[in-house]
Structures are given as C-alpha cells and as structure tokens.
Amino acid sequence: MAVKKESSLSASLQRLRDTDLSSYIPMARSVLPVILDDILKSLDERQRSVVDKVLPVGGKKKIYLQLVDTPTPPIVIEMAQPLKISTMSEKEVKRQRIRGVRLTIDDIQLLAKGRSLGNMLKLSWRLKRQMFTILRIFWMVRPLLRLRATISKDMGNQLTAKYKPLLDLSAETKSETTDQGDMLKILMDDTRSYVEAMKIIMPETAPVLEMRAKNFEDYYRAKETGQKVAWINFATPPELFYAMDIVPFVYDGLAFQAAASGFALKYIDIAEQYVPDHLCSDNKIHLGLALSGDIPPADLLIYPSSPCDSNRTILSAMAEYCNIPSFCLDLPYYKDERALQYLTDEWKRLVSFLEEVTGKKLDVDKLRQVMEYSNIAHEYCLKLDEFRKLAPCPFTSLDMYMDGGVLIQFAGTPELVDYYKVRYDLTKERMAKKEGTGAEEKFRVVWAYGVYVPDIGVFSWLEEKYGAVSINCMNFNWVVKPTEDLSTYDSMLRGLAEKTTLMPMNREVHGPMENFIDATVDLCKRYKADCAIVTGHVACKSNWAVMKLMKDKIEEECGIPMLVFEVDLFDTRLISVDGVKGKLEEFFETIVIPKNAGR
Amino acid sequence: MSTLEELIDLGNGLANPAVQEWKGKGKKVVGYYCPYVPEEILYAADILPFRVRAPGCTETTSADVYMSSINCSFVRSCLQFVLEGEYDFLDGLVVLNTCDQIRRQYDLLKEVKPQAFPFLHFIGLPHKSSDEAVRFYRDDLIEFKNSVENAFGVEITEDKLRNAIEVYNETRSLLRKLYELRQGEKPPLTGTETLSVVLAGTSIPKDQYNQLLRRLLEELGQREGISDYRARLMIAGGGGCDNPAYYQIIEELGGLIVTDNICFGSRYFWEPVEIGDDLMLGLARSYLNRPSCVKMLDKVAERDNYMKKMVEDFKADGVIFQVIRYCQNWGGQQFQVRKTLNESNIPLLILEREYTLGGTGQLKTRVQAFLERIE
C-alpha cells in the first residue's frame, strides 16, 4: 500500500510540471482563512498568541514559493490574519523584494520521500544557494512549527475529519478508477462527494451541487418511484415537468458534467460512429451516452426546434432510433404576438402529450405553485444581476458559473428559492460591510458566447493572473421576467411561452442575427465590460456567420476589444486547456493590458 | 438540338437565355434558396422564381470574410456568387430558415450588401406540419404575398394564384412521369441528365418548362433505354446536390442513378399542391407535407418510408447518401437513415463532400467499392 501511495503522490507531483496552479488560488484564498479560523478557535490563549506573533492581524510580511520549470507563477503568502494567498509575476516579486524559496519538482519529490538524514543532506546540497533565505523563513515560522507539537492528537484528528472532503478531492479522481458501466450512478456519486468539499470551499454555492445530486438521484431511482424521466434541453423551461411530477433532466447538463468529470471523450467517440464529427459535441455526448447503454434510457424526449440544427436534427432522429416518445416544442423564427400565441399553443399541446404518456392530468394549482417558486427565483436572479453590474463585482467568476446555470434546471423548485435567498442576503450583507471577493478586479470580462466547459478553472486562472473577473456570459444572461399573471392555465402557459423565447440561446441564436449582436452589445454595456471573449464552439454554424459583424459592432459601439477563437466546448482534442489559456494570455498581454495601460 | 440537350443547357448556367429573354421584357427575377418557398406566389405576380446555387464556384475568399471555413461550402459558395455580382440579375431574394447557415445568409446580405437585392424577404418556416403549423405558415405566406405585391406594385389575384398552382402542378406531374420512365429495366435517361432537366426547371418560367417537358417525354419514347449499368442507385441527402458532374462520376463507373431523395430532385415536385377554397392554406399544407427535408422534425418516420418506397418503386440496388461537409441537418440524421436501410437490407454508402467538386479520385474509389459490394 505504501508503495502505491508513494507512486500516486509521485504521479501527482509529476503532473505539476504541466499544471498552472493559478486556477486553484482563488479557491485556496477562500478556504485558507476558514481553516485558519478553525485552527485558531481550537487553540488556548498561549497557543493563540504564538500564531498572532507569526501571523499578526494586518501583518505585511510576505513569502513566496516558486515551483521552478512549471507554468505556475510564484505563489505569495501574506503572513497575516486573515491569511492571504495569491500569485504574482516574478518581476513583481523582485520589485517588492519578497523572500521565498524556489523548488523544483525533483526537490519536492525528495522532500516527500521522508526526512531521513540522507534525503536532507541531498536536499540541502541542491538548495545550497538559497540556504540563507530558507533559514530566515524557517526562523520566521519557527514558533508555528513548535506549536504543532503542542496541539493535541484529538484536535488534529478533529480538524482532519472536518476537512476530509477536501483531502478526498485531492485524491485521484473516480473517473480514472471506476468502472463506467453505470454512468448515472457514477455522476451521482461524484456529485455527492463534491457537495461536502464544496461546503468548505464555496459554502454559499454548495446547494447547487446538492440540487444537482438530487436530480441525478431522482433519475436513478425513477424506476422505484414510478416517476417518468424527461430529457429536456437547456433552452426548455422545466416548470411544467416539476408540476407534473416528471423528472426533468437537462441533457446538456449531462454533457457539462461529463466534460468536467473527464468522461466526455468516450461518448463523443461513440457518437462519431453514428454522426459526422462536426456535429455539436454537446449533442454527441448525450447521443453517445444514450446509444452506449451506460445510462438508463429516458422515458420522454422533449426538445425545442431551437437553438441549432445539431440539436434538433440529432434529437429528432434519436427519438426515432431509440423509440422514445418525443415532443418538439416548435419556436417560430420571429417573436411577435402571433409567434407567441403559436408557442403558447405548442405548450398546451405539450401538456396534452405529457398527460397522455403519463396518464396523469395536470393539476393547475400545482403548476401555479411551481410558477410562484419560479417567479421568486427569477426575481432574486434579477436582483443578483443588479449587484453584478457593480464595480468591483461582488461575485467571483465561478459564482457566475454557478448562479447562472442553476436556473436552467431548477426553476420552479423551492430549493432554488432558498438558494437564491441565501445568496442575495449574504451578498447584500457583504456589500454593506464593503467586503469584496478577495480578487482584485482589473478587467471586467463578458463571455459573448458560451462559457468554457472542459476546465472551469480557466475563469479563476484569468482572475488570478490578470485580475480579469468574468462578469457574465451569453449562457447565463438571464433577462427572463417573472410571469405576472398566474390566474389561469392559459396565462401560465403564455408565461412559459414568453420565457421560452427569452431563454439564453433561444433569445440570441434562434432568430435574426441582430438578436444576438444587440444582446451582446447590451451585455457588454450593461456590465461595463473591458473586453469580450468568444470561445467559438466549432459546431455552432449560425454563430460563425455572425462573428465578424459582432466583433466590428462591439469594438465600434462599446469601444472594447473582442477575442474570437475556435474551440470545442466539450472536446479538448481540438484545442487543449493550455491552448485556450495561451490564446487568452496573448489577448491580454498584447491587447487588453496595453489598451488599458493609462487607466 | 434535342429537347434533352436544350434542357441540359438551360440547367447548366445561371443567367440562361430564358432568364435573359425574361429580363429583356422588363420583367423581374427573384431568387430563392429552398424548395419550401412557394414559387407559385412569385409566378402569380409575373415574376420568375430562380433557385439560388453556385455552379462552377471554385473559391470562397470573399464569403469567408463573413462566414467561417467551418460553414457549409454550398452556402459559402452562394454568398461568394452574390458578393462577386454573379446574381446581379436578380431583383430580389427570398430566404427561409431551412438551416442555420442559410438563414444567416439573409442576415449577412442585409448588412453586408443591402443594395444587392431591392427586395429581400425572409419567411419563418415552422419545423412541424401540424394543423396549427400549417395555419401559421399560411399567415407567413400571406405576408410574403403582400410583401411581393407592395415591392413590385403588382396584384396577386385569386385567379392568378390558382393559375400559377395549376401550371406548377402540371410541372410536378410531368416531372413525375419523367421519373417514372426510369422505373423500368432500361431507363431512357441517366441520373446526370435527369438532374440537369430538373435544374432547368428551377431557372426558367414554368409554362415554357412544361412545353419542353412535354416534348422531352415524347422524344424519350423514341430513345433506346440504358442497359449497360452495373447497379441501379438512388441518391439521397441534403442541399447542395446540384452538380451533374458529381453524378457523372458515379455513372461513369457503371452505377446508374435511377431515382433520388434530394431537394433538387424528387422532393422538389413529388406531390401536387391541393387546390381548394383557400389557396394559401392549400399551399401551406402541401408545402409542409411534401416529402420532407430533415428540417421538418415531426417527419422522421415518414421520411424513412419515403426513402424505402423510392428504393422499392425504382428497384434501386443501393443508396448513396451524400452530405455536404458541415451540413448538420443531414449529417445528424445519417444514423437513423442507416438503421432504416439496414433493416430493409438496402446497401448504403455515405459520402461527405465539399460543394465544389474535388477529391474525385477518392470519390471514385469509394463508389467503385460500393458497386462491387452490391453487384
């Protein structure tokens, strides 16, 4: 076992050679003060005075650690309470004359092997030129090392138990070790395991994963509970399904999760045995999953005729191929009154369809209750959106990701209302105390197209490296207003129809080009963006016919630069995460930073 | 010159003699992208409907400024032709949301070359064929009719529209007869010739076309049928299948194309338009219920049946399903097509290609192997 552990640690260390840890710094920044706080609470007065000496409140001393020959810039720790951690360029480290240690991966490997005399001598030899600095730092933190000996074993165990989910997270991912036969269970368990870690890292947004895990579980247990599972698309409001006790499962969410968990490529490859490679990888993932048999088949397939050819063509064929009852919610091209009436009638026909296949009548009062929940959630979402306009933005880039996506799947649930309420109250409180997110906001970024999926760490990395905070993106640009009239069946379905036309991507991509361009200009203006980024998904054919004109208009009307480049949002084989970072680096270094130099 | 040769000539270029003659009379020509546009409305306004394509387009440099190389080359080639002025003879253009890439042509033209077409109209085609969708489409067509009337200062009366539908139904009937001649053991014309004949119909006035078709049918009665083929083939697939040279390569290898399921072929004319009290409703219903493009989402099973029926009726030995690269509509359905044909033991070859004819060596190799498989 020991050998296995060592080789696993060694492999993790080897990975550091190619990994830029900047993405994890914002997370560490939020977690470390919490951990330190917990430690402080567990100390007696004498022990606490020792910590206060090394980490004084408002202290100014900084030390850095640099992992030589890796993409990670120097990691700087402020020896103060609250404990602060950040990355800094080597130039800045020198300018501020910060003391620190430069370690190679081999040095760390040696350190990890154990503190035998031989190892220590070898290490000392390797670090001989830095010995003076090391001794000074050692002297600075010496009281803390002494303190370690006085902390009781119980206390140590308690802390270890509390932060176990974090330690589990840093272990090898399940995707590398688990049999992939029952993908739904894997995703469900994965999500559950993340919930606990999330409670420590981002406690405010942990309920998002809890809701997600419950959704997986509802799907997984549907056979036992007798509920029908409907696969729906992200541009289809889910409220009706909750009202009819059907489990709505946003199949695009599945693709997001698969990409984030490292399962996506397998299912893309399966799908490409059936459809050309240039179809959307989002659709290919759920086609691959459906055809692989790795996930229980859906009972119903509900898809809109929007937002793209790939979605509608694959879904319509998939329903036939897999013999799944399906319904296409047909969105007219334009959004005038006649179109809204047609779409409202489409929703009524969907109700009839669902009643027929489930054998249950829609309870209008239940729908009203669900719509009320949905309304409250949307109101909160709009309020949070107002906060988002403030500079500096009171949310991190990851908050954008969590807050925006959750409305797609959970609108109409009481859990979402609770979540947003907590978010709203805490943000308001934080703003009253003038507390920021901890990140320095130098640039405000709008993602004029979809968010980048394979590694959401890219957002934190941008935040850390350039102070570039991602404020909003097309996918999560919610402008849906609550349905005012909940008095009748007709008025509620009319509300759902209106909402459908305003769902992200239905609003921008489905209709004429000006919908997309105007919405993007508005997005950039509304959030006072300093730049716009389009990670243009190769499969989005309609969007590639818009990009040139959109870029011109953004630059002309908003006076900000826009970066457009090709990616596959779910398949890193087209361009790797590092490749994406490279494009972003070039954009910031050569355009955004020089353009804002005098600011 | 035989009627067949005359029709082939007419189908090969853009501004053919019939178009020039029409323009010479001071009459208007309006282009359209997709066969879901009811040409009858234009014809009733004494306007020549002209199906947009880009024969002979070899590069898309200008179009690529506005579209990406990962957009379908048929659409980019058409845009290239517009930007190059090849379509300057058109007085207008009608676009509908057949696919994401075609609909963006309308958006781009509106912004990039607004002077190109004094009349530029967009029709939002429903994706379903339900009664409600038919009524919705009817209203769109009325709006289209009003728009044509206003733009060109004409009145489209009921009589004119009825007459137009009758003329077009005659075209449909004549073309169907032409196709049915190919059901026999010795079809009187090749697939390459047939495609050119159909193409001619998309670019000359239909009354003139009907006369030519009638003459052609008579002449074909005298023609010796083709018997030296290795296999009877059906061509299926999406837009951009308008290049007779592509068919020729297949036929030179011994595969005789006896029928098709393409929008430049049978899907364009197979069923007549109903003529009832409400002509616009009839147009809407007939167009939405014609042998369908994959754009129609509620017709997957019906499309499968149409494909199988065509194979059966024309005694095709195999199907070549051709898709223009980056056409997601047809590419996304190919697994369902494969399943349908496999279940009926119908050999299938899926060919993805660019609109501009290239890679003929590879095409020949694949077709050759396919023919060997089904012989």
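The values are calculated or read from the model by the stated rules, or taken from the named source; none is laboratory data. Since we're looking at a predicted model, the values are computed, not measured. Virtual Cβ from ideal backbone geometry, glycine too; neighbours counted across all protein chains shown.
Conditions first: (1) modelled with pLDDT under 95; (2) within 12 Å of chain B (Cβ to nearest Cβ). Residue A:340 passes all but one, so which condition is the exception?
Among (1) modelled with pLDDT under 95; (2) within 12 Å of chain B (Cβ to nearest Cβ), the lone unmet condition for residue A:340 is (1).
Suppose we filter the range B:109-122 for residues that are modelled with pLDDT of 95 or more and under 20 Å from residue A:541 (Cα atoms); how many remain?
Result for the range B:109-122: 1.
Counting only residues that are in contact with a helix residue (DSSP H, G or I) (Cβ under 8 Å, 6 or more places away or on another chain) and farther than 30 Å from residue B:127 by Cα, how many does the range B:16-38 have?
Counting residues in the range B:16-38 that are in contact with a helix residue (DSSP H, G or I) (Cβ under 8 Å, 6 or more places away or on another chain) and farther than 30 Å from residue B:127 by Cα gives 4.
Please state which of the following conditions residue A:282 fails to meet, knowing it meets all the rest: (1) part of a helix (DSSP H, G or I); (2) more than 14 Å from every other protein chain (Cβ to nearest Cβ).
Result: residue A:282 fails condition (2) only.
Give me a count of the residues in the range B:328-375 that are without any contact (Cβ under 8 Å) to a residue 24 or more places away in the chain and either at positive phi or more than 14 Å from chain A (Cβ to nearest Cβ) (or both).
The initial filter retains those residues of the range B:328-375 that are without any contact (Cβ under 8 Å) to a residue 24 or more places away in the chain, namely B:331, B:334-335, B:338-339, B:342-343, B:345, B:358-359, B:361-362, B:365-366, B:369, B:372.
Filter once more, so that each one left must be either at positive phi or more than 14 Å from chain A (Cβ to nearest Cβ) (or both): B:345, B:358-359, B:361-362, B:365-366, B:369, B:372.
Of the residues in that region, 9 qualify.
Within the range A:50-80, work out how many residues are touching a residue at least 60 places away in the same chain (Cβ under 8 Å) and of a type outside the set (A, V, I, L, M, F, W, C).
Number satisfying all stated conditions: 4.
Looking for something away from every other protein chain (no Cβ under 14 Å), free of Cβ contacts under 8 Å to residues at least 60 places away in the same chain and in contact with a Phe, Trp or Tyr (Cβ under 8 Å, 6 or more places away or on another chain) - is there at least one such residue anywhere in the range B:170-183?
Taking the range B:170-183 and keeping what is away from every other protein chain (no Cβ under 14 Å), we get B:170-183.
When the remaining residues are screened for being free of Cβ contacts under 8 Å to residues at least 60 places away in the same chain, the result is B:170, B:174, B:177-178, B:180-181.
Adding the requirement that they be in contact with a Phe, Trp or Tyr (Cβ under 8 Å, 6 or more places away or on another chain) leaves none.
Within the range B:170-183 (the criterion being away from every other protein chain (no Cβ under 14 Å), free of Cβ contacts under 8 Å to residues at least 60 places away in the same chain and in contact with a Phe, Trp or Tyr (Cβ under 8 Å, 6 or more places away or on another chain)), the answer is no, since none of the residues qualifies.
Sort through B:221, B:225, B:240 and tell me the only one that's surrounded by fewer than 17 Cβ atoms within 10 Å (Cβ to Cβ) and in a loop (DSSP other than H, G, I, E, B). Walk me through how you get there before you give the answer.
Working: B:221 fails: in a loop (DSSP other than H, G, I, E, B); B:240 fails: surrounded by fewer than 17 Cβ atoms within 10 Å (Cβ to Cβ).
When all the criteria are applied, what remains is B:225.
If the Cβ limit is 6 Å and pairs must be 6+ apart or interchain, which residue in the range A:375-396 that is farther than 19 Å from residue A:502 by Cβ pairs with which residue that is of a type in the set (A, V, I, L, M, F, W, C) and assigned to a helix (DSSP H, G or I)?
A:394/A:387; A:394/A:431
From the list B:108, B:83, which residue is at the interface with chain A (Cβ under 10 Å from one of its Cβ atoms) and part of a helix (DSSP H, G or I)? Before you say what the answer is, go through the steps one by one.
Working: B:83 fails: at the interface with chain A (Cβ under 10 Å from one of its Cβ atoms).
Only one candidate qualifies: B:108.
Residue by residue through the range B:267-285, note down the ones that are part of a helix (DSSP H, G or I), away from chain A (no Cβ under 14 Å) and under 30 Å from residue A:324 (Cβ atoms).
Residues of the range B:267-285 that are part of a helix (DSSP H, G or I), as a first pass: B:267-269, B:279-285.
From the residues that got through so far, the ones that are away from chain A (no Cβ under 14 Å) too are B:267-269, B:279-283, B:285.
B:267, B:285, listed by residue number.
Would you confirm whether or not the range A:50-63 contains a residue that is closer than 22 Å to residue A:12 by Cβ and in contact with a strand residue (DSSP E or B) (Cβ under 9 Å, 6 or more places away or on another chain)?
Looking only at the range A:50-63, we keep the residues that are closer than 22 Å to residue A:12 by Cβ, and these are none.
Checked the range A:50-63: no residue is closer than 22 Å to residue A:12 by Cβ and in contact with a strand residue (DSSP E or B) (Cβ under 9 Å, 6 or more places away or on another chain).
Take the conditions buried (at least 16 other Cβ atoms within 10 Å of the Cβ), aliphatic (A, V, I, L, M), at the interface with chain B (Cβ under 9 Å from one of its Cβ atoms) and over 17 Å from residue A:234 (Cα atoms) and apply them to residue A:290. Does it pass? Can you show your working first?
Details: buried (at least 16 other Cβ atoms within 10 Å of the Cβ): yes; aliphatic (A, V, I, L, M): yes; at the interface with chain B (Cβ under 9 Å from one of its Cβ atoms): no; over 17 Å from residue A:234 (Cα atoms): yes.
Spelling it out, it is not the case that residue A:290 is buried (at least 16 other Cβ atoms within 10 Å of the Cβ), aliphatic (A, V, I, L, M), at the interface with chain B (Cβ under 9 Å from one of its Cβ atoms) and over 17 Å from residue A:234 (Cα atoms).
Could you list, in sequence order, the residues of the range B:207-218 that are surrounded by fewer than 17 Cβ atoms within 10 Å (Cβ to Cβ) and farther than 19 Å from residue B:12 by Cβ? Walk me through how you get there before you give the answer.
We begin by selecting, within the range B:207-218, every residue surrounded by fewer than 17 Cβ atoms within 10 Å (Cβ to Cβ); these are B:207-208, B:211, B:214-215, B:217-218.
The answer is B:207, B:211, B:214, B:217, B:218.
Here are some residues: A:270, A:324. Which one is among the aliphatic types (A, V, I, L, M), on the phi < 0 side of the Ramachandran plot, surrounded by fewer than 23 Cβ atoms within 10 Å (Cβ to Cβ) and outside any helix (DSSP H, G or I)?
On the way: A:270 fails: outside any helix (DSSP H, G or I).
After ruling out the rest, the residue left standing is A:324.
Pick from the range B:354-375 the residues that are within 24 Å of residue B:101 (Cβ to Cβ) and modelled with pLDDT of 90 or more: which of them is surrounded by the most Cβ atoms within 10 Å (Cβ to Cβ)? Even if it seems obvious, please write down each step before you answer.
Pass one, the range B:354-375, residues within 24 Å of residue B:101 (Cβ to Cβ): B:354-359, B:363.
From the residues that got through so far, the ones that are modelled with pLDDT of 90 or more too are B:354-355, B:363.
On the way: B:354: 16, B:355: 27, B:363: 18.
The qualifying residue surrounded by the most Cβ atoms within 10 Å (Cβ to Cβ) is B:355.
List the number of the failed condition for residue A:265; all other conditions in (1) of a type outside the set (Val, Ile, Thr); (2) surrounded by fewer than 24 Cβ atoms within 10 Å (Cβ to Cβ); (3) not in a helix (DSSP H, G or I) hold.
Of the numbered conditions (1) of a type outside the set (Val, Ile, Thr); (2) surrounded by fewer than 24 Cβ atoms within 10 Å (Cβ to Cβ); (3) not in a helix (DSSP H, G or I), the odd one out for residue A:265 is (3).
Please count how many residues of the range A:293-330 are within 21 Å of residue A:490 (Cα to Cα) and within 8 Å of another protein chain (Cβ to nearest Cβ). Walk me through it before giving the result.
Residues of the range A:293-330 within 21 Å of residue A:490 (Cα to Cα): A:302, A:304, A:327-330.
Imposing the further condition that a residue be within 8 Å of another protein chain (Cβ to nearest Cβ) reduces the set to A:328, A:330.
Final tally of qualifying residues: 2.
Starting from the range A:424-447, keep only residues that are more than 30 Å from residue A:563 (Cα to Cα), then list their pairs with residues that are modelled with pLDDT of 80 or more and part of a loop (DSSP other than H, G, I, E, B) whose Cβ atoms are within a distance under 7 Å, requiring at least 6 positions of separation or different chains.
Qualifying pairs under 7 Å: A:426/A:204; A:427/A:394; A:430/A:394; A:431/A:394.
Can you name the residue in the range B:111-158 that is surrounded by fewer than 15 Cβ atoms within 10 Å (Cβ to Cβ) and under 19 Å from residue B:62 (Cβ atoms) and is also nearest to the other protein chains (Cβ to nearest Cβ) among such residues?
Here the answer is B:114.
If you check every pair at least six apart or on different chains, which have Cβ atoms under 6 Å apart with a residue in the range B:40-67 that is touching a residue at least 12 places away in the same chain (Cβ under 8 Å) first and a residue that is aliphatic (A, V, I, L, M) and in a loop (DSSP other than H, G, I, E, B) second?
Correct list of pairs: B:44/B:156; B:45/B:154; B:45/B:156; B:67/A:545.
Determine whether the range B:301-317 contains at least one residue that is part of a helix (DSSP H, G or I), surrounded by fewer than 18 Cβ atoms within 10 Å (Cβ to Cβ), of a type in the set (A, V, I, L, M, F, W, C) and at the interface with chain A (Cβ under 9 Å from one of its Cβ atoms). So that I can check it myself, show each step before the final result.
The initial filter retains those residues of the range B:301-317 that are part of a helix (DSSP H, G or I), namely B:301-313.
If we keep only those that are surrounded by fewer than 18 Cβ atoms within 10 Å (Cβ to Cβ) too, we end up with B:301-302, B:305, B:308-309, B:312-313.
Narrowing the set further to residues that are of a type in the set (A, V, I, L, M, F, W, C) leaves B:301.
If we keep only those that are at the interface with chain A (Cβ under 9 Å from one of its Cβ atoms) as well, we get B:301.
Looking for residues that are part of a helix (DSSP H, G or I), surrounded by fewer than 18 Cβ atoms within 10 Å (Cβ to Cβ), of a type in the set (A, V, I, L, M, F, W, C) and at the interface with chain A (Cβ under 9 Å from one of its Cβ atoms), one finds at least one in the range B:301-317, hence yes.
When the range A:221-241 is examined, which residues are found to be part of a helix (DSSP H, G or I) and buried (at least 20 other Cβ atoms within 10 Å of the Cβ)? Reasoning before the result, please.
Within the range A:221-241, the subset part of a helix (DSSP H, G or I) is A:222-225, A:239-241.
Residues satisfying the conditions are A:239, A:240, A:241.
Just checking, which of B:297, B:288, B:281 is in contact (Cβ under 8 Å) with a residue 40 or more places away in the chain, closer than 24 Å to residue A:331 by Cα, surrounded by fewer than 21 Cβ atoms within 10 Å (Cβ to Cβ) and touching a helix residue (DSSP H, G or I) at 6+ places or on another chain (Cβ under 7 Å)?
Values: B:297 fails: surrounded by fewer than 21 Cβ atoms within 10 Å (Cβ to Cβ); B:288 fails: surrounded by fewer than 21 Cβ atoms within 10 Å (Cβ to Cβ).
None of the other options fit; the residue is B:281.
Under 7 Å between Cβ atoms, which residue pairs at least 6 apart in sequence (or on different chains) link something in the range B:72-84 that is surrounded by 24 or more Cβ atoms within 10 Å (Cβ to Cβ) with a partner that is acidic (Asp, Glu)?
That search, which allows pairs on different chains as well, returns B:73/B:354; B:76/B:64.
Hey, can you tell me all the residues within the range B:1-56 that are of a type in the set (D, E, K, R), under 15 Å from residue B:78 (Cβ atoms) and surrounded by 22 or more Cβ atoms within 10 Å (Cβ to Cβ)? Explain how you work it out, then say what you get.
Quick first cut of the range B:1-56, residues of a type in the set (D, E, K, R) only: B:5-6, B:9, B:21, B:23, B:25, B:27-28, B:39-40, B:46, B:51, B:53.
In the following step, the residues that additionally are under 15 Å from residue B:78 (Cβ atoms) were identified as B:51, B:53.
Across the range B:1-56, the qualifying residue is only B:53.
Within the range B:315-326, identify whether any single residue is charged (D, E, K, R), out of contact with any strand residue (DSSP E or B) (no Cβ under 7 Å at 6 or more places or on another chain) and at pLDDT 95 or above, and answer yes or no.
From the range B:315-326, those charged (D, E, K, R) are B:315, B:317, B:325; that's our starting set.
If we keep only those that are out of contact with any strand residue (DSSP E or B) (no Cβ under 7 Å at 6 or more places or on another chain) as well, we get none.
Looking for residues that are charged (D, E, K, R), out of contact with any strand residue (DSSP E or B) (no Cβ under 7 Å at 6 or more places or on another chain) and at pLDDT 95 or above, one finds none in the range B:315-326, hence no.
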